[in-house]
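Okay, so here's the structure we're looking at.
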């Protein structure tokens, strides 16, 4: 029996997404669409101060208002573990002692209408004692800065492997440090050239169209919550800890998500919705506004100091770095982002020595958490920008310098790590040729820049389970915890199942994700679905398929090698035997369901720096061409060519959509102002003032080139895709600007003001 045929009839073919019709016709159900009779609406009171102690709070007037059924203040948290977080449990459901940023949650109200809830908030009296504010990383680290947390919150430091380590609270307002080191630092002494540069990365907002939203109710003694979350099972675990409730009495249900980009991890709206539902005895919906999204989660701004030693011939020798992440008011996922930013700063190049520290610094600003690329955007910006600085100082073409130092296919990233699973040089050649890099026009303010984006993919030590059920008539239920967040994963997984069962993808359906019934998954993040969950799905499908063939072989009195599955019929030589009548004859009128279970998790490996070897490596190659006006500083993007390696594309249309969306998202915070703060005050936290790329911003020369190099570890050789192509965008554009006008800009965004300032500095 040839279980995985090289002659594929579903995998590798473009097909419409399974969610296309419901999403375009408006019939798709999102969390905001969930409604129940008697449902209440929640609103929260947010702090007007960046840093203050709450000396008193009186919600008696709010509780007495018409339509109000429940109010939460710090006085209503008894019996709970009132804080949550990833490694560090420091963010309260509502403020207990202090508020730590403008927008921090102070109280919550559930009322029959949103207007009643908002009116009740106005009746809550809060007295504050103002405290000194630290709005920047530098201010937060100063000796005179106030400690944002006088007492160290509960938290952990995970076990790391070879060369990696973590530590908590090592400096003022430093909530976490990730470090990685390998090789001998003495090799710096032998380098012909040492380059030391500082790069500044902007703070962006995820700007997912669906806001943070949840609906909670009590179903007997079960907490039931519909959530716009990427991670239903970790969310269940965290809610169980917060509410001190058994996990099997917490049910998380997930409809469609209107994008997440990393923001919809861990708790956001859920604890407030649940507590209000418990207090009121009614279902409660808590849906934030777009403005509230800005006050809930952001990307990490970063300061990156990079020191690199090279030889005169361009050979890379050593790199050290210090990254300062602006974590905002609470730690959130900062330790995880620190791991990834620090681990990815070397880039996919050969080094004899590495020494990287990445620190998470608390400030009185919006909390920062996971963001598409997960630290890779910050790391790629600094690493790939400095590579061009080095190239120009050595009189080398930046393309050639990269080709000289890129790791080869199969080479370990660092000691103890897995081998690189793409031909990096070939990938770079593809985008360079597509963009016409070697024949690029020079002068008149025009220039081109190249960049190689890089990230480890698949998560760390991630387990995934899947289950397949096949009905009497050949209908297939695919049950897995991967959330459809707009990436097209349900379509791709259906194609994997259909290919293995030699049937149509139309036969495959996804039951609603419900943690009571859906097999476990660690979460939809880290570009893990197609490889980690994909391997579990493949295993489950093959198990179910073997059961079907075993049954058919018994019924037909033949060997399993004599038959094959053909769209819910059994092919035996030139004969075709429909399965449904066979099943009905044996099992009776009720019929039967064949099932299979699958599981995948990378093996633990203490030699690997991050506990397990990387499952797959995700790359994004990019070339940008710009025209810069020296008089105005305006950058005109003429061409942007990006490329990712899908290994084998399960659905090329979906892959290209992910690459193109990723690249356009990469323009955010590069050419346009990002989140702008005046001290601790966010100045553009709304949909009108915050600038996102528009269709008119995409150049005529925009192109994505899908590569299928064939080295992926997932089903049919698939690799992760969807984040890689945003990673090279910022540095490719900055490198193109330097190529155009001969000046280097080290701070994002690349605004006209910064361009003019760089020109003036170079002239003067």
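The values are calculated or read from the model by the stated rules, or taken from the named source; none is laboratory data. Because the structure is predicted, anything quoted here is derived from the model rather than measured. Virtual Cβ from ideal backbone geometry, glycine too; neighbours counted across all protein chains shown.
Observations, loosely collected:
- The set of residues in the stretch 284-303 that are touching a helix residue (DSSP H, G or I) at 6+ places or on another chain (Cβ under 8 Å) and buried (at least 24 other Cβ atoms within 10 Å of the Cβ) comprises 284, 285, 286, 299, 300, 301, 302.
- Residue match in the stretch 393-402 (condition: part of a strand (DSSP E or B) and surrounded by fewer than 21 Cβ atoms within 10 Å (Cβ to Cβ)): no
- For the stretch 160-185, the set of residues classified as part of a loop (DSSP other than H, G, I, E, B), at negative phi and in contact with a helix residue (DSSP H, G or I) (Cβ under 9 Å, 6 or more places away or on another chain) consists of 160, 168, 172, listed by residue number.
- Residues being part of a strand (DSSP E or B), surrounded by 13 or more Cβ atoms within 10 Å (Cβ to Cβ) and in contact with a helix residue (DSSP H, G or I) (Cβ under 9 Å, 6 or more places away or on another chain) are represented in the stretch 48-56 by at least one member.
- Yes/no for residue 398 being touching a helix residue (DSSP H, G or I) at 6+ places or on another chain (Cβ under 7 Å) and closer than 22 Å to residue 744 by Cβ: yes
- Set 330, 256: member being touching a residue at least 40 places away in the same chain (Cβ under 8 Å), in contact with a strand residue (DSSP E or B) (Cβ under 7 Å, 6 or more places away or on another chain) and crowded, with 24+ Cβ neighbours inside 10 Å: 330
- Residue 188 vs. criteria in contact with a strand residue (DSSP E or B) (Cβ under 8 Å, 6 or more places away or on another chain), within 30 Å of residue 316 (Cα to Cα), in a helix (DSSP H, G or I) and modelled with pLDDT of 95 or more: yes
- A Cβ distance below 6 Å, combined with a sequence gap of six or more or placement on separate chains, defines the contacts here; from the stretch 661-681, residues that are at negative phi and crowded, with 23+ Cβ neighbours inside 10 Å reach residues that are modelled with pLDDT of 95 or more and part of a strand (DSSP E or B) in the pairs 663/642.
- Taken together, the criteria exclude residue 60 from residues that are within 29 Å of residue 133 (Cα to Cα) and out of contact with any helix residue (DSSP H, G or I) (no Cβ under 9 Å at 6 or more places or on another chain).
- The criterion of at least 2 residues that are under 18 Å from the mean Cα position of the chain (by Cα) and modelled with pLDDT of 95 or more is met by the following helices (runs of 4 or more DSSP H) wholly inside the stretch 239-347: 290-294, 334-344.
- When residue 557 is tested against (1) in contact with a strand residue (DSSP E or B) (Cβ under 6 Å, 6 or more places away or on another chain); (2) at pLDDT 95 or above; (3) on the phi > 0 side of the Ramachandran plot, exactly one condition is not met: (1).
- Members of the stretch 30-45 found to be in contact with a helix residue (DSSP H, G or I) (Cβ under 8 Å, 6 or more places away or on another chain) and surrounded by fewer than 21 Cβ atoms within 10 Å (Cβ to Cβ), listed by number: 41
- Being surrounded by fewer than 23 Cβ atoms within 10 Å (Cβ to Cβ) and in a loop (DSSP other than H, G, I, E, B) is a condition met by no residue of the stretch 715-735.
- Any hit, the stretch 496-506, residues being surrounded by fewer than 18 Cβ atoms within 10 Å (Cβ to Cβ), farther than 25 Å from residue 648 by Cα, in contact with a strand residue (DSSP E or B) (Cβ under 8 Å, 6 or more places away or on another chain) and in the same structural domain as residue 477 (by TED's automatic domain parsing): no
A quick yes/no check of all residues on (1) closer than 22 Å to residue 95 by Cβ; (2) assigned to a helix (DSSP H, G or I); (3) modelled with pLDDT under 95:
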residue	(1), (2), (3)
3	no, no, yes
6	no, no, yes
11	no, no, no
14	no, no, yes
23	no, yes, yes
43	yes, no, no
65	yes, no, no
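- Test result for residue 102, closer than 21 Å to residue 290 by Cα, surrounded by 13 or more Cβ atoms within 10 Å (Cβ to Cβ) and touching a helix residue (DSSP H, G or I) at 6+ places or on another chain (Cβ under 9 Å): no
- Evaluating residue 381 against the criteria (1) surrounded by fewer than 24 Cβ atoms within 10 Å (Cβ to Cβ); (2) assigned to a helix (DSSP H, G or I); (3) touching a residue at least 60 places away in the same chain (Cβ under 8 Å); (4) in contact with a helix residue (DSSP H, G or I) (Cβ under 6 Å, 6 or more places away or on another chain) leaves one unmet condition, (1).
- Considering (1) on the phi > 0 side of the Ramachandran plot; (2) part of a strand (DSSP E or B), the lone condition that residue 355 does not fulfil carries the number (1).
- Residues in the stretch 547-575 that are assigned to a helix (DSSP H, G or I) and in contact (Cβ under 8 Å) with a residue 40 or more places away in the chain: 547, 548, 549, 551, 560, 561.
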